[in-house]
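Asker: Provided herewith is a single structure, encoded as structure tokens, for subsequent inquiry.
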Amino acid sequence: MIEREFINQKTKEFYIKKYIEDSLKGVGISQIKLQKIPLGEKIIIFTNRPSLIVGSKGANIRDLTKVLKTKFKLENPQIEINEVKDIFLDAKIVAQRIAGSLERFGSARFKGIGHKVMENVLNSGALGVEIIISGKLPSARARSWRFYQGYLKKCGEIAETGVRKAQASALLKSGVVGVKVAIMPPDIILPDHIEILSEPVQIIEVVQDEKKPSSKKSTSSKGKSRKKSAPKKKAKEKEEEKVNITTEAVVSETISAPETTSTPQQEQKEESDENN
């Protein structure tokens, strides 16, 4: 049946993830993803300490690939390691850090650990955080302590999909202490978020037509040129009349003057008079 194949595949992925987390405990693993690729299976590990997972010259990765081939019967497992950018915005890493610090320092300092981690998460830019530590702290009876600050969604789709949640456990002398962490990341978009836009400023620009004043100027300049050209034409006409009058006077004088002709006898008399 197809349903059994899906169930077997999911159970196999669960056991692979659990084995990797147990074998690499204390390294700060955020999440593990399994992908099917044409060459085989791809295992992506998100962590804040990639050097500890790789080991000296890749010894830890080689051992992991051998175990995955023999124990889980994977044909060609390929392990990829991605580094987490901000560890205090990852709920799984934060819960593991709280559990590790409780195992190291004991249950007497759980309040200081909770407040310090909460402050670091808010300084990283988270909108809200909630930390619940439950167990025998430090009394003989089990009780739960809640540390919270900021804005955190508790119900609705955002609380299920947007809020990052994780759990971890710490083994102490008094017993097992459970840690629950819920972080609201800064890049989440809330459905009730409203942006009030400022009123638009109306800018009125006075645009003048360039063609109309040019036409007026051209018409006025034409009128002026016409007005200026009229007296010039009159002056030219007067000058032409004066020239005509002078030419007529000269012509009349030449016509009215008698023509004198000299004979050779008269010329001889004039020469003799000049000699005397």
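Please treat every number below as a calculation from the coordinates, not as lab data. This one's a predicted model, so the numbers in the text were calculated from it and none came from an experiment. Here the Cβ positions follow ideal geometry from the backbone for every residue, glycine too, while neighbour counts run over all protein chains shown.
Okay, residues lined up against (1) within 42 Å of the chain's Cα centre (by Cα); (2) of a type in the set (S, T, N, Q); (3) surrounded by 12 or more Cβ atoms within 10 Å (Cβ to Cβ):
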{"residue": "Ser134", "(1), (2), (3)": "no, yes, yes"}
{"residue": "Leu137", "(1), (2), (3)": "no, no, yes"}
{"residue": "Arg141", "(1), (2), (3)": "no, no, no"}
{"residue": "Arg146", "(1), (2), (3)": "yes, no, no"}
{"residue": "Lys154", "(1), (2), (3)": "yes, no, no"}
{"residue": "Ile158", "(1), (2), (3)": "yes, no, yes"}
{"residue": "Ala166", "(1), (2), (3)": "yes, no, yes"}
{"residue": "Leu171", "(1), (2), (3)": "no, no, no"}
{"residue": "Ile183", "(1), (2), (3)": "yes, no, yes"}
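Asker: From the list Asp86, Asp63, which residue is more than 21 Å from Val163 (Cβ to Cβ), exposed (fewer than 15 other Cβ atoms within 10 Å of the Cβ) and of a type in the set (D, E, K, R)?
Answerer: One residue alone meets the criteria, Asp63.
Asker: Of the numbered conditions (1) under 20 Å from Ala168 (Cα atoms); (2) surrounded by 17 or more Cβ atoms within 10 Å (Cβ to Cβ); (3) of a type outside the set (Gly, Ala, Ser), Asp22 fails exactly one; give the number of that condition.
Answerer: Checking Asp22 against (1) under 20 Å from Ala168 (Cα atoms); (2) surrounded by 17 or more Cβ atoms within 10 Å (Cβ to Cβ); (3) of a type outside the set (Gly, Ala, Ser), the one that fails is (2).
Asker: Restricting the search to the stretch 16-55, which residues are polar (S, T, N, Q) and under 17 Å from Asn76 (Cα atoms)?
Answerer: Gln35 - this is the single residue of the stretch 16-55 that is polar (S, T, N, Q) and under 17 Å from Asn76 (Cα atoms).
Asker: Would you pick out the residues in the stretch 48-80 that are within 30 Å of Ile132 (Cα to Cα) and of a type in the set (A, V, I, L, M, F, W, C)?
Answerer: Leu52, Ile53
Asker: Can you tell which of Ala126, Ala159, Ala168 is assigned to a strand (DSSP E or B) and either in contact with a strand residue (DSSP E or B) (Cβ under 9 Å, 6 or more places away or on another chain) or within 29 Å of Ile32 (Cα to Cα) (or both)?
Answerer: From the options Ala126, Ala159, Ala168, the qualifying one is Ala168.
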